[in-house]
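Shown next, in C-alpha cells, is the structure this report addresses.
Every read-out reported here was derived from the displayed coordinates using simple, explicitly stated rules and does not represent laboratory data. This one's a predicted model, so the numbers in the text were calculated from it and none came from an experiment. When we count neighbours, we look across all protein chains shown, and the Cβ atoms used for this are built from the backbone with ideal geometry, even at glycine.
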Amino acid sequence: MSLSIRSPLGGYKIRRDSTRKKVLDRYEILGYIAAGTYGRVYKARSKYGTQQREFAIKKFKADKEGEVAHYTGISQSACREIALCRELRHTNITTLTEIILEDKCIYMVFEFAEHDLLQLIHFHSHPDRRPIPDSTLKSILWQLLNGVSYLHQNWVLHRDLKPANIMVTADGVVKIGDLGLARLFHKPLQPLFTGDKVVVTIWYRAPELLLGSRHYTPAVDIWAVGCIFAELLALRPIFKGEEAKMDNKKTVPFQRNQMQKIIEILGTPTRESWPALPQYPEYHALSSFKTYQSVLETWYNTVPNATSSSHANQSSQPQQPARQRGFQLLQGLLEYNPLKRLTAEQAMQHPYFGEMPKPTANIFESVNVEYPHRRISNEDNDIKTVSLPGTKRSGLPDDSLPSRKKLRNDH
Amino acid sequence: MAANYWTSSQYNHWRFTRPQLDRIRAQTEADTGFRQQDLGEPRHLRIFFHGLIQALGRHLSVRQQALATAEVYLARFYTRAAVQETNPYLVLATCVYLACKMEECPQHIRSVVSEAKSLWPDFITHDPTKLAECEFYLIEELDSYLIVHHPYRSLNQLSKALGASGNNAGLSPDEMQTAWSVVNDSFVTDLPLLYPPNVIALTAIYMSVVLRMPPASSQNERTRTRLKRIMDWFAGCGIDLEDVVYCSQEMISLYEVWESYNEKTLRDLMARLIANKR
C-alpha cells in the first residue's frame with residue numbers, strides 16, 4: 001500500500017479501518033434523547049451479551065455541519081472530556097463504557113441512566129404532588145457530594161453542575177454527568193479563565209465568578225451544589241436570574257440580574273465576612289445595589305417541603321433540630337466567601353447527614369413513587385447522519401436539552 | 001486517576017513488563033508484516049524521533065512537559081503500529097498537537113502544520129485535515145487514555161526529601177540539572193512504558209549523584225559520608241533499588257548507542273521509506 005505525503009497513513013489506515021468494530025454493529029439505537037452544543041445523545045442497547053444492557057451514546061458532531069464532514073481537529077473540551085471520563089471511576093460519576101472513533105465522529109458510550117434531577121424536580125413540582133421525600137432528598141445530596149468530593153480529590157473541577165447534569169439510575173444511584181466543561185486544576189499551565197470565559201449555567205454560577213473572579217476553585221462547584229440542594233427543597237431554582245447576553249464587542253457582561261437574585265435572599269455581601277470582596281473586578285457594581293439583609297432562613301422555613309409538610313407535622317417537635325441542621329448545611333454551601341464555603345468533605349461530615357433519615361445507597365429506598373422514564377424520541381434515530389439539525393453551531397455552555405427547556409419555563 | 005499514578009490508566013493499561021512489551025511488538029510485526037529490524041537499531045530511530053519532536057516543540061515554543069507527553073503518545077502508538085506503514089513526521093506532529101491540548105497549552109492546528117511543513121517540507125503537506133485525521137487514529141490507538149504522568153514532579157519531590165534527610169545529602173544545582181537531562185532522555189527509551197515515574201525519577205537522581213562520584217580511591221572523607229547518607233536514604237525511600245539499577249543500565253546503554261548515532265543515516269532512511277512508497 002502506498003505511503004506518501006498525500007496519503008500519509010497509507011496501509012496503516014486500511015488495516016485499522018478493517019478491524020474497527022462499528023457503532024451500529026455493536027449497538028441498536030433505540031431513540032434520540034437530547035442535543036446540545038456538542039452534538040447529540042442517543043439511547044441504545046448492546047447487541048452483544050445476554051443482559052440487554054442499555055447505554056447513552058453521546059455523539060460529538062463533526063465541526064462543519066451539512067455537506068461533507070471534514071477532519072478539523074478535535075476540540076479541546078472534547079479532548080478533556082475523553083481523557084477525564086476515561087480516567088475517572090466512581091459510583092457517583094457516570095460510567096464511560098467505551099469510545100468509538102468512526103467516520104470522523106466520536107461516540108462516547110455511557111451507561112444509561114433512567115432519570116435526572118431536573119426530571120425529578122419537575123415531577124414533584126406538579127401541584128397535586130408532594131415534595132421530594134426527606135430520605136430521597138438527603139440521599140441525593142449525600143451522593144452528589146460524594147461524587148463532587150471524588151472529583152475534587154482528583155483535582156477535577158466539574159464547572160457545570162446543574163440538575164439536568166445529575167443523573168439517577170433506575171436503581172436509585174446518583175451519577176454526575178457531562179464532564180464537557182470539567183478541567184484539571186492542579187497544574188494550570190495557563191490560568192483557568194483563559195480559553196473559556198463563561199462557565200456554569202447562570203443560575204448555579206458562584207458569586208465570585210459573577211464578580212469577575214479569574215480563579216476557579218472547587219468552591220464554584222460547591223456553590224452549585226448549594227443551589228441544587230435549595231432547588232430540591234423548593235422545586236424551583238433559588239436564584240433564577242435573567243442572563244445578560246454577550247454584546248457585539250464580545251465583552252463578558254456583568255450578570256446584574258443574577259447578582260440581584262442572590263443578594264435579595266442572602267443579603268448584601270460585606271467586606272467583614274468576605275475580605276477579598278473589593279479585589280474583584282466587578283466590585284464597584286455592588287455599590288449600585290440596594291442593601292439587603294439575609295432572608296435565607298425565612299426562605300428555608302417557608303419552603304413547602306420536607307419536615308414542614310403536612311405528614312411531618314404530626315410528629316412535630318423532634319423534627320425541629322433536624323430541620324435546623326438542613327438550614328445550617330444550606331447556609332454553609334451558599335457561603336459568599338469561597339474560602340469559608342464548605343468543602344465537599346466537610347459537607348459530607350455535616351450533622352445533617354447523621355440525623356434520621358440517614359442517606360441511603362438507593363435514593364428511592366422506602367419511597368413509593370413511580371417516576372416517569374426518560375423520554376426518547378424516535379423521529380430521528382439515525383446516528384450516522386452527518387448533519388445534525390437542531391444543534392447550535394456555537395453558544396454558551398448552558399445548553400439545556402431542548403425538550404427540557406419547555407419544562408423549565410413551566411416553573 | 002488524574003491525581004494518583006497508582007490508580008491511573010497509565011498504571012493500569014499502559015505499563016508493561018519487558019516480556020509483555022516484546023510480545024506486543026512481535027504481534028504488531030505479525031499483523032503488519034513489517035519488521036522492526038529492517039529499520040536498524042531501534043534506539044537510533046527513537047533518538048531521531050526525539051530530535052524531531054524537540055525541534056517542532058522549539059519552533060512552537062512548547063513546554064517540556066507537553067513534549068514529554070507527546071513522546072509517550074508516540075512510543076505507545078508505535079507499539080501497535082509499524083513505522084513503515086505510516087508517515088512518522090505526521091504522526092509525531094499529531095502527537096505534539098494532541099499533547100498540547102491535554103497539557104493545557106493548545107496550539108492551533110494550522111500553526112502545528114505550518115511549523116512542521118517548514119521543518120520537513122518533503123514529508124508534510126500544508127493540508128491540516130491530514131493531521132486532524134491522524135489525531136483520530138492516534139486517540140484510537142491510545143485507547144483514548146490521554147492523561148500521562150511524568151517523572152518531573154517525582155524528581156522535585158524526591159530531591160526535596162533527599163535534601164531534608166540530612167546535611168549535605170541534597171542535590172547540587174549541577175546534579176539537579178543532570179537528573180533533569182536523564183529524565184528528558186528517558187523518553188527515548190522504553191522506560192516510560194515499563195516503570196512508574198517515581199522509579200525513573202530516582203534513577204535520574206542515582207545517575208546524577210552516584211555515577212558521577214570520583215572513584216572510591218580518590219574520595220575524601222566528606223564525599224564518602226555523603227554517599228553513604230544518600231545510599232541509606234535510597235534504601236529507605238520505598239522504591240525497589242533493583243528497578244533503579246535496571247533503569248540505570250538502560251540509560252547507560254542508551255548513551256552508548258547514542259555514540260554511534262548518525263542523524264543523516266536516519267534522514268536518508270526516512271526519505272527512502274516515504275519516497276519508495278510514493
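Taking each of A:Lys22/A:Lys58; A:Lys384/B:Lys117; A:Lys61/A:Lys245 in turn, the alpha-carbon distance tops 23 angstrom for A:Lys384/B:Lys117; A:Lys61/A:Lys245. With point charges of +1 on the Cβ of Lys and Arg and -1 on the Cβ of Asp and Glu, referenced to the Cα centre of the protein assembly as shown, which listed residue (A:Asn368, A:Ala230, A:Thr268) lies farthest in the positive direction of the dipole? Selected residue: A:Thr268. Counting only other chain Cβ atoms within 10 Å of each residue's Cβ, the peptide B:100-109 averages 5.
Here the peptides B:202-215, A:279-292, B:31-44, A:143-156 are ranked by packing, the mean other Cβ count within 10 Å, and the order with the highest first is A:143-156, B:202-215, B:31-44, A:279-292.
Computed over neighbours whose Cβ is under 13 Å from that of B:Arg222, the net charge equals +3, Lys and Arg +1, Asp and Glu -1. When you count the other C-beta atoms within 10 angstrom of each residue and take the mean per peptide, B:244-251, A:216-223 line up highest first as A:216-223, B:244-251.
Is there a simple number for the mean count of other chain Cβ atoms within 10 Å of the Cβ of residues in B:131-139, and what is it?
Mean partner shielding for this stretch: 6.
Computed from the C-beta positions of B:Val210 and B:Phe16 and an R0 of 35 Å, the FRET efficiency is 0.80 to the nearest 0.05.
Across chain B, Cα pairs under 8 Å and at least six residues apart give a relative contact order of 21 percent. Spin-label model, B:Arg267 to B:Gln219: label points 7 Å out along the Cα-to-beta-carbon direction sit 4.5 nm apart.
Going 7 Å from the Cα of A:His126 toward and past its Cβ, which residues in region A:198-239 have a backbone nitrogen under 14 Å from where you end up? Under cut-off, by backbone N: nothing.
Computed from point charges on the beta carbon alone (+1 for Lys and Arg, -1 for Asp and Glu), the dipole magnitude for region A:116-354 about its Cα centre is near 340 Debye.
Once the C-beta distance of A:Glu297 and A:Tyr371 is scaled by a Förster radius of 45 Å, the resulting FRET efficiency is 0.90 to the nearest 0.05. Inter-chain Cβ neighbour count for B:112-124, averaged per residue, equals 1 (cutoff 10 Å, partner chain atoms only). Each part reduced to its alpha carbon centroid, region B:16-39 and region B:174-203 end up 24 Å apart. Modelled spin-label separation between A:Lys22 and B:Glu256, with each label point placed 7 Å from Cα along the Cα-to-Cβ direction: 5.3 nm. Legend: calculated FRET efficiency, B:Cys105 to A:Ser75, from the Cβ-Cβ distance at R0 = 22 Å, rounded to 0.05, equals 0.90.
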